[in-house]
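The values are calculated or read from the model by the stated rules, or taken from the named source; none is laboratory data. Note that the structure is a prediction, hence the values are computed from the model and not measured. In this analysis, Cβ positions are derived from the backbone assuming ideal geometry, glycine residues included, and neighbour counts consider all displayed protein chains.
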């Protein structure tokens, strides 16, 4: 895998899964999620990538950001797990991890934790989905996420608080653009 670019504040996530789990002993399972926002396509307005789960998968036909389980024995770091999951789920190559969005979402009595990052990808890449896992994708504007509709599709999210987290990501994205 190519080297990852990320701000120094994300160094705690550039550690092996075993190290992260040792520092968080109540957590047994880790999931990483990549919130991808870009302005290059299909227009100058920032858009977030949302993928729709397959009808035969858990949370059928609901929407989410790309992501999945950290492989304790195969992923060198949590950020490498993020890179792998984004590629597996969308065919997109991670260019940069820009910011941490959330590392507090837990379920199963605190035994499972989802860590969500704002990431950048190169603009010329195309999304490629595995139909066994995902049925569709959209590049939605902030207004479309807020309204729950994009290109005639209803955006019902798979997890509690997911819509709010995506909306928060737009604010973080704007803040990063101002800093640049």
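Structure notes:
- Which listed residue, of 31, 27, 36, is outside any strand (DSSP E or B) and modelled with pLDDT of 95 or more: 27
- The range 124-147, residues that are modelled with pLDDT of 95 or more, over 25 Å from residue 176 (Cα atoms) and loosely packed, with under 15 Cβ neighbours inside 10 Å: 128
- Being within 15 Å of the chain's Cα centre (by Cα), buried (at least 19 other Cβ atoms within 10 Å of the Cβ) and under 25 Å from residue 147 (Cα atoms) holds for only one residue in 121, 48, and it is 48.
- Strands (runs of 3 or more DSSP E) contained entirely in the range 83-180, each with at least 2 residues that are touching a helix residue (DSSP H, G or I) at 6+ places or on another chain (Cβ under 7 Å) and within 16 Å of residue 65 (Cα to Cα): 94-107, 112-121
- Restricting attention to the range 58-101, the residues that are surrounded by fewer than 18 Cβ atoms within 10 Å (Cβ to Cβ), over 21 Å from residue 123 (Cβ atoms), within 13 Å of the chain's Cα centre (by Cα) and touching a residue at least 60 places away in the same chain (Cβ under 8 Å) total 1.
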